[in-house]
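**Student:** Before anything else, here's the structure in question.
The values are calculated or read from the model by the stated rules, or taken from the named source; none is laboratory data. If you're wondering where the values come from, they're calculated on a predicted model, not measured in any experiment. All Cβ positions, glycine included, derive from the backbone under ideal geometry; neighbour counts span all protein chains shown.
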Amino acid sequence: MNRTTVTIDLKSIVSNLRYVRSLAPGKKIMAVIKADAYGHGAVRVAKVMESADALAVARIEEANELRVGGIDTPICVLEGVLNKEELSRARELDLQLVVHSSHQVDLHNKFGDSVPLWLKIDSGMGRLGFHPEDITEVFERLRGQNMAGVMSHLSHADDVRSDKTARQLKILEDQIFPLSRERGLEFNLANSAGLLEWEDTITDWIRPGLMLYGISPFTDLKSRDDLQSSMTFSARVIAVRGLRKGQSVGYGGIYKTKEDMRIAVIAAGYADGYPREIKQGSPVLINKKRMPLVGRVSMDLICVDIGEENIRPGDQAILWGDSLPIEEVAKLSETIPYTLLTGISSRVTRNYQLVE
Ligand SMILES: *Cc1c(COP(=O)(O)O)cnc(C)c1O
């Protein structure tokens, strides 16, 4: 019996993808499955995403893993390539590449080939991409290349009060959309938050990631009810102990018992991906009841106050999942669901609930 496990419900991913489609009827979906599909297992997830029009990963190595795993859906590499070797590898793997820099334009022109390219514009993210005012020149330099389309990325779409998304859109509408349209190129913009909150960011293509895994990108969990969370992180209780009044629990003794008490020791720690930063008192579910964390999270173990509950070694504790949203755990750890999902370590066993 595995001690520490993530269980991935592939059915819920399929259902989330269906929900994504319902929000953007007639649009094309580039499903983002970078970072091992946000910790869910890229090949397994890609296999149930057959209805996506394309997949996106960050790096060539990730695309390679998908091709080796038998995935033949179009795959876009969001970081594009760095050198000639990567470019020829991309060609062999039949990938689409983002082109976001002058260095990459040179590579594509010098080692010219027919790899489909997505031209990336920096409309305000301030990370990768060409400045909007340079687009005419870049189009000129890319003349003769096989263009898949044009894309940009939103930096503030999860902040519903920010005017930044509207400003990014304005820049794109004024300076980019007309030139793309003139060239018959499709545009690709909305991430999960854009799709859910900013209708005008829904262009020819959408590019959702997080919501495919049933998680809301918003701190107020907006839209959560329409999504099905797909990951359950669980671990075994390995000891149930009585502690005397005045004893301390764990490293640094940050928790002291106020009276005699019972704790369960659970086989999960920061080396599994449970956040060390999480506040004491944060809930862990055992037998469907919330029990508060006591003491520091250590490498392999955490402790919870079990009161009078009848809990035994071997019982299963849920660290996050359906009835304990990862968004809540993220907030209590002062982080975001993305870091928790991608921080599950290789020591943790992955189980899959299959699509019938
Ligand atoms: C990760 C990523 C996405 C997906 O974002 P979500 O917030 O997970 O929906 C889209 N586009 C780019 C360029 C990304 O890096």
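**Student:** Taking TYR251 and the conditions (1) closer than 30 Å to ASP9 by Cβ; (2) within 33 Å of the chain's Cα centre (by Cα); (3) at pLDDT 95 or above, which numbered condition does it fall short on, given that it satisfies the others?
**Tutor:** (1)
**Student:** In the set ARG262, ARG296, which member is within 29 Å of the chain's Cα centre (by Cα), of a type outside the set (Ser, Thr, Tyr) and modelled with pLDDT of 95 or more?
**Tutor:** Of ARG262, ARG296, the one residue that is within 29 Å of the chain's Cα centre (by Cα), of a type outside the set (Ser, Thr, Tyr) and modelled with pLDDT of 95 or more is ARG296.
**Student:** Tell me, yes or no, whether segment 270-280 has at least one residue that is assigned by TED's automatic domain parsing to the domain that holds TYR338 and not in a loop (DSSP other than H, G, I, E, B).
**Tutor:** No, the conditions are met nowhere in segment 270-280.
**Student:** Also, quick follow-up: Looking for something of a type in the set (Asp, Glu), at pLDDT below 95 and farther than 16 Å from GLY214 by Cα - is there at least one such residue anywhere in segment 50-66?
**Tutor:** For segment 50-66, residues of a type in the set (Asp, Glu), at pLDDT below 95 and farther than 16 Å from GLY214 by Cα: present.
**Student:** For segment 112-126, enumerate the residues that are away from the ligand (no atom under 16 Å from the Cβ) and hydroxyl-bearing (Ser, Thr, Tyr).
**Tutor:** SER114 - this is the single residue of segment 112-126 that is away from the ligand (no atom under 16 Å from the Cβ) and hydroxyl-bearing (Ser, Thr, Tyr).
**Student:** Follow-up. How many residues are under 19 Å from VAL355 (Cβ atoms) and crowded, with 22+ Cβ neighbours inside 10 Å if we restrict to segment 50-80?
**Tutor:** Final tally of qualifying residues: 3.
**Student:** Okay, next question. Provide a single number: the residues in segment 231-251 that are touching a Ser or Thr at 6+ places or on another chain (Cβ under 9 Å) and more than 16 Å from the ligand (Cβ to nearest atom).
**Tutor:** 14
**Student:** A follow-up question, please. Any residue in segment 104-115 that is closer than 13 Å to MET147 by Cβ sitting within a Cβ distance under 6 Å of a residue that is aliphatic (A, V, I, L, M) and assigned to a helix (DSSP H, G or I)? List the pairs, counting only those 6 or more apart or interchain.
**Tutor:** These pairs meet every condition: VAL115/ALA90.
**Student:** Kindly evaluate SER114 against the criterion of being more than 29 Å from LEU354 (Cβ to Cβ), part of a loop (DSSP other than H, G, I, E, B) and among the polar types (S, T, N, Q).
**Tutor:** yes
**Student:** Quick test of your reading of the structure: GLY252 fulfils all but one of (1) part of a helix (DSSP H, G or I); (2) closer than 21 Å to ALA330 by Cα. Name the failing condition by number.
**Tutor:** That leaves (2) as the condition not met.
**Student:** Continuing with this model, one more query. Give segment 263-279 a look and list any residue that's surrounded by fewer than 16 Cβ atoms within 10 Å (Cβ to Cβ) and more than 19 Å from THR5 (Cα to Cα), or say none.
**Tutor:** Passing the criteria: GLU277, LYS279.
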